[in-house]
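The values are calculated or read from the model by the stated rules, or taken from the named source; none is laboratory data. Computed from a predicted model, the values in this text were never measured in an experiment. Cβ placement follows ideal geometry from the backbone for every residue including glycine, while neighbour counts extend to all protein chains displayed. Note: areas computed on protein heavy atoms with side chains; ligands, DNA, RNA excluded. Shrake-Rupley method; radii C 1.70, N 1.55, O 1.52, S 1.80 Å.
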Amino acid sequence: MYIQHDGNDYEGIAEQHNIMALIGNGFDIAALSKYGKGRMEGKSTTYTEFYQFLSYYNNLYSKGNFIFEKMRQDRNNGKDNWSDFEKSIDELVDEPSTDFNKLDEYLEEMQNGFTRFLYEIVTTDVLLEINKESRNNKFAITSLSKFLFDLGKNHSKLKFKQNIDHYDLYNFLFINFNYTMLFDNYIYLDKDCFDPHMFKTVDRNFRFYSNPYKKDDSLSSYVLTNIIHPHGNQYTPRSMLFGTDLSVYDKTEQRKRMIKPFWAQNDVKYRRYFDDTELFIIYGMSLSITDGWWMKKIYDRLAGDNAELIIYYYGTDKSEYEVKRMYLRSCERYNNSVSSDEKQQVLDNIYVIRLTHNNNYFLGFKEIID
């Protein structure tokens with residue numbers, strides 16, 4: 001659970017607002033699209049690029065690796081998202097004839113291949129470029145202080161907006177589902193954009209902007225950030241979790257080796273954070289059932305009318321309502337029977353921001369944003 005900060009930590013703290021932001025592969029794709037360098041320029045961490053990498057470097061896996069063969073079939077059927085890959089693992093787990101020892105072995109080959117793939121794509125030059133651009137354009141502090149601007153006129157509907165005031169602490173917990181450190185580099189509060197003691201006489205360290213139509217107004221506040229990689233990171237290859245999400249399974253069965261929430265120890269490590277979260281943000285995620293554990297935990301908070309959710313969705317192919325329905329479907333494995341009133345309560349607490357570019361305030365890449 002979150003640490004509850006008080007006057008022993010900050011002199012003038014009034015209220016603490018816990019904000020959980022879930023960051024998916026959409027962020028890495030946007031970052032690499034803008035800052036990709038060298039011979040891998042134009043490449044990204046998409047499922048399609050990874051499949052092409054494995055097709056070229058076919059010495060990275062066994063000849064009989066049926067996971068890669070499943071990937072080949074999926075690609076021929078037009079499946080090109082990471083969620084499709086995870087659903088394929090799901091299908092293999094449910095297949096009665098699957099040899100789980102082989103599945104485990106072959107999945108490890110995919111993990112090792114993905115590690116090599118990431119080091120090809122996310123080079124030192126890319127990290128240094130994002131480091132420079134984030135520092136020069138103050139991307140991190142803009143994301144944290146002005147994200148309500150992305151809501152436009154809808155900002156005033158948020159209960160979160162009604163509950164904030166001067167001297168509050170904005171406590172951000174980022175759940176980074178990417179294996180790279182691109183986001184960590186982007187959001188780091190360096191000494192050029194952040195001063196832990198920016199005023200001479202008081203200990204406030206942050207200005208929070210709550211009204212996109214009064215951009216000069218700010219609330220004298222505090223900010224804290226923390227980042228969790230629940231599925232591991234590329235610098236510790238064996239930490240990277242590939243697999244699926246099942247709501248019900250026998251922990252004595254071999255299939256547990258394929259279930260991400262089991263190995264990430266979600267219930268033990270992360271469940272309690274949800275109880276104290278006031279605002280959730282989803283950015284760059286596919287809203288798939290393969291992240292159902294996380295989506296369901298958010299759902300339960302939204303159903304209680306004590307929390308809200310902002311979803312950033314890239315594209316205009318779906319309406320705001322359709323994006324909300326996508327979110328509801330991502331919880332289906334865990335929502336066996338819920339009332340229509342409860343679903344409507346959840347829908348009412350969701351706000352959708354559809355993106356057509358990366359000039360948004362939250363996690364955007366607009367240079368010298370206002």
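Taken across the stretch 23-42, residues that are part of a loop (DSSP other than H, G, I, E, B) and either over 25 Å from the mean Cα position of the chain (by Cα) or free of Cβ contacts under 8 Å to residues at least 40 places away in the same chain (or both) do occur, with at least one present. Is the stretch 64-71 home to any residue that is out of contact with any strand residue (DSSP E or B) (no Cβ under 9 Å at 6 or more places or on another chain), open to solvent by less than 60 Å² (accessible area, probe 1.4 Å) and basic (Lys, Arg)? So far as the stretch 64-71 goes, yes, one or more of its residues are out of contact with any strand residue (DSSP E or B) (no Cβ under 9 Å at 6 or more places or on another chain), open to solvent by less than 60 Å² (accessible area, probe 1.4 Å) and basic (Lys, Arg).
The set of residues in the stretch 270-326 that are β-branched (Val, Ile, Thr) and open to solvent by 10 Å² or more (accessible area, probe 1.4 Å) comprises ILE289, THR316. Within the stretch 303-314, identify whether any single residue is without any contact (Cβ under 8 Å) to a residue 40 or more places away in the chain and out of contact with any strand residue (DSSP E or B) (no Cβ under 8 Å at 6 or more places or on another chain), and answer yes or no. Yes; the residues of the stretch 303-314 include at least one that is without any contact (Cβ under 8 Å) to a residue 40 or more places away in the chain and out of contact with any strand residue (DSSP E or B) (no Cβ under 8 Å at 6 or more places or on another chain).
Annotation for the stretch 80-101: at least one member residue is closer than 30 Å to ASN306 by Cβ, open to solvent by less than 60 Å² (accessible area, probe 1.4 Å) and within 20 Å of the chain's Cα centre (by Cα). Once the stretch 327-337 is narrowed to residues that are open to solvent by less than 80 Å² (accessible area, probe 1.4 Å) and either on the phi > 0 side of the Ramachandran plot or of a type in the set (S, T, N, Q) (or both), the residue that is modelled with the highest pLDDT is SER330. At pLDDT below 90, surrounded by 19 or more Cβ atoms within 10 Å (Cβ to Cβ) and over 22 Å from the mean Cα position of the chain (by Cα): does that describe LEU54? No; evaluated as a whole, the condition is false for this residue.
The set of residues in the stretch 121-163 that are at positive phi and open to solvent by less than 30 Å² (accessible area, probe 1.4 Å) contains only GLY152.
Taking every residue in the stretch 193-209 that is farther than 19 Å from ASN137 by Cα and pairing it with any residue that is of a type outside the set (A, V, I, L, M, F, W, C) and not in a loop (DSSP other than H, G, I, E, B), at least 6 positions away or on another chain, the pairs with Cβ-Cβ distances below 7 Å are ARG204/SER220; ARG204/SER221; ARG204/TYR222.
Residues are listed down the side, and each one gets a yes or a no for (1) under 17 Å from LEU279 (Cβ atoms); (2) in contact with an Asp or Glu (Cβ under 6 Å, 6 or more places away or on another chain); (3) basic (Lys, Arg):
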site	(1), (2), (3)
ASP305	yes, no, no
TYR321	no, no, no
LYS324	yes, no, yes
TYR327	yes, no, no
GLU332	no, no, no
SER340	no, no, no
LYS343	no, no, yes
ASN358	no, no, no
GLU367	no, no, no
